[in-house]
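Report on the structure given below.
The values are calculated or read from the model by the stated rules, or taken from the named source; none is laboratory data. All figures in this text were calculated on a predicted structure; none of them were measured in a lab. Areas reflect the complete protein model, heavy atoms only, side chains present, ligands, DNA and RNA absent. Shrake-Rupley method; radii C 1.70, N 1.55, O 1.52, S 1.80 Å.
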Amino acid sequence: WRGSTTSPRWVPLPKRVYTSVDDEDYQIRWEHTFTAEEEVQFAFCYPSSLEESEERIAACEQAVLDPAVAEKIYFKSETLMNSLEGRPMRLLTLSSPAGMRRAQEPPIPELFPEGRADGARTFKGKPIIFISCRVHPGETPAQHVFNGLLDFLMRTHDPRAAALRARYVFKLVPILNPDGVARGHYRTDTLGQNLNRFYHDPTPE
């Protein structure tokens with residue numbers, strides 16, 4: 001929980017949270033003592049917003065502008081697709097410069113609305129590891145795991161991170177459902193659809 005004046009940072013509830021199921025009706029109960037006239041917010045875990053994700057990506061882009069970092073880390077952010085409400089869905093490419101070719105990845109029909117004139121580079125002999133997150137906006141704990149992985153892979157002085165970058169190309173999509181995250185939905189997109197049920201016969205629309 002957090003309060004606008006008494007606790008501006010998110011903190012765990014101090015008392016136990018009780019849950020129960022009554023005839024398929026899921027219930028959750030907790031106690032909270034209001035000590036001031038303020039706005040109080042509750043969340044089932046520490047929130048992670050779309051803005052925070054964009055800030056983290058911008059920090060990675062800024063980091064590789066340093067030649068000393070660019071010698072160790074290749075990082076590229078592209079807009080894979082814009083959401084129904086115009087928010088970008090990011091595709092991050094992360095590796096080391098080892099094995100990097102001059103050739104760029106080709107465009108893919110219906111994707112990359114900004115074009116790929118400056119697309120991600122290709123790599124010789126490196127398998128791709130693809131990781132995506134938050135097709136359900138409420139999967140906030142997974143976002144924290146994703147953020148931790150991204151921060152780890154961006155470490156310049158960690159031999160484990162260096163070994164992974166040297167061996168693999170990481171393709172990362174931080175948020176698959178940016179509209180749902182921005183709107184605070186738990187499971188659906190702008191149209192109220194559970195996107196996890198649209199993999200069988202997908203269309204660009």
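Of [x] 138; [y] 183; [z] 124, which is the value of volume of the Cα convex hull per residue in Å³ derived from the coordinates here?
Correct label, based on the coordinates given: [y].
Using a 1.4 angstrom probe, figure out how much accessible area the chain has per residue, in square angstrom, rounded to the nearest whole.
63
Lysines near Lys126 by alpha-carbon distance under 29 Å, same-chain residues fewer than 8 away left out - which ones?
Straight-distance partners of Lys126: Lys72, Lys76, Lys171.
Which whole-number percent is the relative contact order of the range 51-129 (Cα, under 8 Å, 6+ apart)?
Taking the mean separation of contacting Cα pairs over the length of the range 51-129, I get 24 percent.
Which far-off residues, 5 or more places away or on another chain, put their amide H under 5 Å from the one on Ser132, with H placed in the peptide plane?
Val173
May I ask you to give the percent of accessible area on the range 123-203 that is carbon plus sulfur, with a probe radius of 1.4 Å?
C and S fraction of accessible area: 57 percent.
Based on DSSP, what percent of beta bridges with both residues in the chain are antiparallel, to the nearest 5?
On the way: 21 of 26 bridges.
So the antiparallel bridges amount to about 80 percent of the total.
Using alpha-carbon pairs under 8 Å, 6+ residues apart, how would you state the relative contact order of the range 64-205 in percent?
28
At a 1.4 Å probe, what is the % contribution of carbon and sulfur to the accessible area of the range 1-91?
That fraction is 52 percent.
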